[in-house]
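Engineer: Here it is: the structure, laid out below.
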Amino acid sequence: MAGGAEVGTGHISIFPVMNGFRNAVNKEMKNAGKTGSKTFDKAFGTGKKIGSRFGTSFKNGFKGSADQQLADDVLKPFKKDVAQATSKASAALLNYKQSTVAVAAPRTNSTPPSRNTVPTAPRPRPQPSRSNKPSSVKPMH
């Protein structure tokens, strides 16, 4: 203190109250997002428009070349890659279909698992004794 004496010190506790703070921040963020979106759309257009313009310009760049052979030469490696990828995908699909048919065929031609047993010879039935000897086992009455 200028020209004075310090008599004591004190502390004051401050507890902020933030009622409505979250709503206020959300509102401002939404407004900022909308403003940024509108500004971007005005400058560049929507994503669909940008993609469409880029694709059309890219395509026309090859169409309008003075030498069509140049465009074909540039695109040849891409066309080759696409053809190879298509061929590999078709082969993989064919192999998949063949393997599923090979797995499904035994299932359709076989009997259900409960009947799928090894065949055995029928058990012989006991034959009545033809001897005249009396049975050693006596019936119980």
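Engineer: Once the piece of chain linking Asn31 and Phe58 is laid out straight, how much longer is it, given 0.36 nm per residue of separation minus the C-alpha distance between them?
Structural biologist: Gain in length upon complete extension: 6.1 nm.
Engineer: Tell me the net charge near Phe44. Cut-off is 14 Å between Cβ atoms, Phe44 excluded, with +1 for each Lys or Arg and -1 for each Asp or Glu.
Structural biologist: Combined, the nearby Lys, Arg, Asp and Glu give +4.
Every number in this text was worked out from the coordinates using simple rules, so none of it is lab data. Here the structure is a predicted model, which means the values were calculated and not measured. Neighbour counts run over all protein chains shown; Cβ positions are idealised from the backbone, glycine included.
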